[in-house]
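These notes are about the structure you will find just below.
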Amino acid sequence: MVVNETYTLANGVEIPKLGLGTWMIDNEAVVQVVKDALDSGYRHIDTAEAYLNEEGVGRGLKESGVNREDIFVTTKLEGDIKNYEEAVKAIEKSLELLNVDYIDLMIIHSPQPWANFRDGNHYFEGNLEAWRALEEAYEAGKLRAIGVSNFEQVDLENLINNGKAKPMVNQVLAHITNVPTDVIKYCQSQDIIVEAYSPIAHGAILDHPVVKEMAEKYKASPAQLSIRYVLQLGTVALPKTTNKDHMKSNADIDFIISEVDMNTLNELPLIETYGDDQVMPVFSSQYNKK
């Protein structure tokens, strides 16, 4: 099953190909969600300081009964943090809230503060300051791997050329109709694993007529087809759900999309809306590029 499959990061650490996203799941509810995911075979849980649920995720890890060393835990340094001192404090706070001795992967959540997302300023110095804090925590064994999220090639080059360690991961918005191909290709050329968050576009892709028709061909749901799609791009898939049946279904993707069908999906135009989520910077920025 896909929950048992992994990629290998540049430093040799294995990262599960399928993880559970926890965005917008409140701190109390996420405890059971994490336990359900781990009970369903998941071994990769993705959270963030900005999600305000790290403490609940930590409780879910403890109460699950699964050995800590068997779980890959990702959290994110708040995107607004662009200086060394605040980054150091935030790393320690995440360790404390998660109640763990180490975090498997910690990433800078955004190259820009959220209020200035994709405003043309790349905050090179601030990102290097935050990156230095992650590098030091990595060297100290508090983090098993470090990376970034929402970084464009120029943002990655800043860290690669001026930091001590190369990012091991870049987590990006990627789903059918919206794939940052150039960034993915660049990351792969630099041995940086790409993670796809919102692989079902927060549900906005589920009623797409082409996706629905193709899913039927593979005897799969639109969500299953969408998750298999990003996996076949060579990325980690991070679907989010609070429903245990959906967790199991999302992991039941033992089929391969043909090259012809992958090409068809690759050529689909961007969906017209992300619904209520369209107000979020990462989603609204997709339409600003058009």
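Name every residue in region 264-276 that is open to solvent by 10 Å² or more (accessible area, probe 1.4 Å) and either under 29 Å from His44 (Cα atoms) or of a type in the set (Ser, Thr, Tyr) (or both), in order of residue number. Reasoning before the result, please.
So the first thing to find is which residues in region 264-276 are open to solvent by 10 Å² or more (accessible area, probe 1.4 Å), and the list is 264, 266-273, 275-276.
Passing the criteria: Thr264, Asn266, Leu270, Ile271, Thr273, Gly275, Asp276.
Inspect region 252-260 for any residue being open to solvent by less than 30 Å² (accessible area, probe 1.4 Å), farther than 16 Å from Lys17 by Cβ and at pLDDT 95 or above and give the result as yes or no.
no
Take the residues of region 53-85 that are touching a strand residue (DSSP E or B) at 6+ places or on another chain (Cβ under 9 Å) and of a type in the set (S, T, N, Q): which is surrounded by the fewest Cβ atoms within 10 Å (Cβ to Cβ)?
Once the filter is applied, the top-ranked residue is Thr74.
Out of (1) touching a Phe, Trp or Tyr at 6+ places or on another chain (Cβ under 9 Å); (2) open to solvent by 50 Å² or more (accessible area, probe 1.4 Å), what's the single condition that is false for Ile45?
Here Ile45 meets the rest and fails (2).
Collect the residues in region 173-216 that are in a helix (DSSP H, G or I) and within 12 Å of Leu265 (Cβ to Cβ), keeping them in residue-number order.
Looking only at region 173-216, we keep the residues that are in a helix (DSSP H, G or I), and these are 181-189, 201-203, 209-216.
The answer is Val210, Val211, Glu213, Met214, Ala215.
Each row is one residue, and each column tells you yes or no for (1) surrounded by 24 or more Cβ atoms within 10 Å (Cβ to Cβ); (2) under 16 Å from the mean Cα position of the chain (by Cα).
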{"position": "Met1", "(1), (2)": "no, no"}
{"position": "Thr6", "(1), (2)": "no, yes"}
{"position": "Val13", "(1), (2)": "no, no"}
{"position": "Pro16", "(1), (2)": "no, yes"}
{"position": "Gly19", "(1), (2)": "yes, yes"}
{"position": "Ile25", "(1), (2)": "no, yes"}
{"position": "Lys35", "(1), (2)": "no, no"}
{"position": "Ser40", "(1), (2)": "no, no"}
{"position": "Tyr51", "(1), (2)": "no, yes"}
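I'd like the full set of residues that are more than 18 Å from Gln232 (Cβ to Cβ) and open to solvent by less than 60 Å² (accessible area, probe 1.4 Å), limited to region 203-213.
Gly203, Ala204, Leu206
Condition (residue is within 16 Å of the chain's Cα centre (by Cα) and either within 24 Å of His109 (Cβ to Cβ) or free of Cβ contacts under 8 Å to residues at least 60 places away in the same chain (or both)) applied to region 217-226: is it met by at least one residue? Talk me through it step by step, then tell me what you get.
Residues of region 217-226 within 16 Å of the chain's Cα centre (by Cα): 226.
Still in the list and also either within 24 Å of His109 (Cβ to Cβ) or free of Cβ contacts under 8 Å to residues at least 60 places away in the same chain (or both): 226.
So far as region 217-226 goes, yes, one or more of its residues are within 16 Å of the chain's Cα centre (by Cα) and either within 24 Å of His109 (Cβ to Cβ) or free of Cβ contacts under 8 Å to residues at least 60 places away in the same chain (or both).
Please go through region 246-290 and give me each residue that is of a type outside the set (D, E, K, R) and assigned to a loop (DSSP other than H, G, I, E, B), ordered by number. Full working, then the answer.
First pass over region 246-290, keeping only residues of a type outside the set (D, E, K, R): 246-247, 249-251, 253, 255-258, 260, 262-266, 268-271, 273-275, 278-288.
Of everything in region 246-290, those that are of a type outside the set (D, E, K, R) and assigned to a loop (DSSP other than H, G, I, E, B) turn out to be Ile253, Phe255, Ile256, Ile257, Ser258, Leu268, Pro269, Leu270, Ile271, Thr273, Tyr274, Met280.
Taking region 156-172 only, how many residues are outside any loop (DSSP other than H, G, I, E, B), open to solvent by less than 10 Å² (accessible area, probe 1.4 Å) and out of contact with any Asp or Glu (no Cβ under 9 Å at 6 or more places or on another chain)?
The number of residues fulfilling the criteria is 2.
Does Asp80 qualify as being in contact with a Pro (Cβ under 6 Å, 6 or more places away or on another chain) and over 23 Å from Asp252 (Cβ atoms)?
Yes.
The values are calculated or read from the model by the stated rules, or taken from the named source; none is laboratory data. Only a predicted model underlies this, so the values are computations on that prediction, with no experimental measurement involved. With ideal geometry, Cβ positions are generated from the backbone for all residues, glycine too; neighbour counts draw on all protein chains shown. Remember, those area values only see protein heavy atoms, side chains included, never the ligands or the DNA or RNA. Shrake-Rupley method; radii C 1.70, N 1.55, O 1.52, S 1.80 Å.
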